[in-house]
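Scroll down for the structure; my scribbles are underneath it.
No lab work stands behind these numbers, since they all come straight from the coordinates. Note that this is a predicted model, so its numbers are computed, not measured. Using ideal geometry, Cβ is built from the backbone for each residue, glycine included, and neighbour counts are taken over all protein chains shown.
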Amino acid sequence: MYTQALNTQDQAPSAASDPLADARFQARVDAEERIEPNDAMPEAYRRTLTRQIAQHAHSEIVGMLPEGNWITRAPSLKRKAALLAKVQDEGGHGAYLYAAAETLGTSREQMEEQLLSGAAKYSSIFNYPTLTWADIGIIGWLVDGAAIMNQIPLCRCSYGPYARAMVRVCKEESFHQRQGYEIMIALARGTPAQKQMAQEALDRWWWPVLMMFGPPDKDSQHTESAMRWKIKRFTNDELRQKFVDATVPQGHFLGLTFPDPALTFDAATQHWNYGEIDWAEFKRVVAGDGPCNRQRMKQMRAKHADNAWVREAATAFARKRRQRAEAMPIAAE
Amino acid sequence: MTDTPLFQYTLRLADTALVLGHRLSEWVGHSPVIEEDLAFGNMGLDLIGQARSLYSHAGEIEGKGRDEDALAYLRDAPDYRNILLVEQPNGNFAATMVRQFLYAAFAHPYFEALAHSKDKTLAAIAAKAVKEMAYHLRHSAEWTIRLGDGTDESHRRAQDALDELWPYTAEMFETDQVERALIEAGVAVDPSAVRATWDKTLDHVLSEATLVRPRDGYMQSGGRIGRHSEHLGHILSELQFVQRAYPGASW
């Protein structure tokens, strides 16, 4: 899950805004009713949700690349099978999220087109490379961990199809997170080289993972309407803090050191305080200059272009089959 | 006794499943549509699962304490016993699907027969694999038909794949000294007994796909005695990299 870039405000004026209808809609949302595909909804709500769900789906699909990078090199058959199943789950999440977004009136093909043209975003975390096996542990433990923090509240999202998709996605994500942590435990209990591999991976991933929650609340303009519509239920900073509080003790249990000298436990608030996040890096990576942005998009476009003939064949075959079926009753006469 | 015919036979089955599973896993994230990523994931998982059970059984037969990972990760290519067909590169989607079809059309009836093996463990592994291979066969046959009878381009690619892979099909039906006694003892399956089923499946699917069954010319062989194509070494260099770079570590 990867709702990070979702704070981009939809600035398009809502053409046919009807104050009465909007008020009725808001009353339903306030009453915690689920909004379903055929229900009336403000255009801005539809647009915001379409973009959010599509971004979420794109993130699942692009996310298959950095993790898939280790399927053929997983260090044991058990790990290989688990990683293969995990990456397959991400593909499955992508498929149902696209289906959920389609209920809002945009086709999967249109959404894929937007991803390939660069018009749609995916979670920036996947613009970082997976360099060692420990990265697969870290992605499960931290990236999926952060995803779960973001997604659990989405199970109560006002839009029914999205909320229901999230229930299933969250179950699978928590399984992935446990698997990732278990990879980390094996490394932490392993040889000095394995411990070093684990530490080095944490050093690289910790800050980008904190960025997954999006810009600090003071800079996030989108939060207000998303909160009002009950698409979002916690602010970026609230979720980030929850994540840090849950994760730091897990890291210490592994004997790892977080790459943040300012990380301290505040006994008064019972929270872990953390240092300043490098928001310039965040903006740079979102804007396209992360280590792997170009590589990921190139892979996505290549797979689309190289396999166009397969999709054409499937379409042509389906057409032939339909024509044959239609011709049959006539032939029988 | 360590290097018994039963050990060799079980390794052949295990290596074939692992190498093909590994090949299919290379597609995940790179397929023409998401649904095919999921299908490759499923089929890859089935095959890797079969390999794991077979390796564990082989390790027990051998009795030297080698587990599934010791067998998969710490043998070099000449000790691998898979058939050549499954180590052939994925190529394009048609090449992968046709390879899968040629194998599944064989493996489905083969495991059906192996489910009656006198070796109870092999029989149990085969009984599970039959259900899996039924899906592999259905899925790959549907795609073979779709591609063969799709567009001119997909037809050409599917026919090319069939022609390219054909010389590797006869190895599936070979028997040798290692297997003969096991077949007589009712432990192994005589692959020639499933040949007729394979032929029938092929003729039916290829005709629907408007593809031409290639003529039997010279047939390649050698994988099951450790003489492989150049491709296997590269598969193993990826598969075994982490285990080899960090000897003795557990993961």
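For A:TRP272, the residues whose modelled amide H falls within less than 5 Å of its own, excluding neighbours fewer than 5 places apart on the same chain, are A:ASP245, A:ASP266. Normalised by the number of residues in chain B, the mean separation of alpha-carbon contacts (under 8 Å, six or more apart) gives a relative contact order of 25 percent. Per-residue mean of foreign Cβ neighbours for B:236-247 is 4 (Cβ atoms of other chains, 10 Å radius).
Taking the beta-carbon count within 10 Å as an exposure proxy, list B:ASP37, B:ASP176 from fewest neighbours to most. Numbers along the way, then the final one.
Values: B:ASP37 26, B:ASP176 11.
Listed from fewest to most nearby Cβ atoms, that is B:ASP176, B:ASP37.
Amide H to amide H, with H built 1.01 Å from N, A:ILE35 comes under 5 Å of A:TYR159, A:GLY160, counting only residues 5 or more places away or on other chains.
Look at the stretch B:32-45: the mean tally of other chain Cβ atoms within 10 Å of its residues' Cβ atoms is 6.
Taking the longest Cα principal axis of chain A as reference, the axis of helix A:192-211 is set at about 60 degrees.
Compared with the dominant principal axis of the Cα atoms in chain B, helix B:5-25 is inclined by about 50°.
Couplings for the range A:291-308, taken from phi via the Karplus curve 6.51 cos²θ - 1.76 cosθ + 1.60 with θ = phi - 60°, read x, 10, 3, 5, 4, 4, 5, 4, 5, 5, 5, 5, 5, 5, 5, 5, 9, 4 Hz in order; Gly and Pro are left as x. Cβ crowding within 10 Å, taken as a proxy for footprinting-reagent exposure, orders B:LEU38, B:LEU13 from fewest neighbours to most as B:LEU38, B:LEU13. For the range A:19-36, 3J(HN,Hα) computed residue by residue from phi via the Karplus equation (6.51, -1.76, 1.60; θ = phi - 60°) reads x, 5, 5, 4, 5, 4, 4, 4, 5, 5, 4, 4, 7, 6, 6, 8, 8, 10 Hz, glycine and proline entered as x.
Calculate the mean, over all residues of peptide B:69-75, of how many other protein chain Cβ atoms lie within 10 angstrom of the residue's Cβ.
2
Ordering B:ASP119, B:ASP15, B:ASP163, B:ASP216 from the fewest to the most neighbouring beta carbons within 10 Å gives B:ASP216, B:ASP163, B:ASP119, B:ASP15. In this structure the amide hydrogen of B:THR175, modeled in the peptide plane, comes within under 5 Å of no amide hydrogen from residues 5 or more places off or on another chain.
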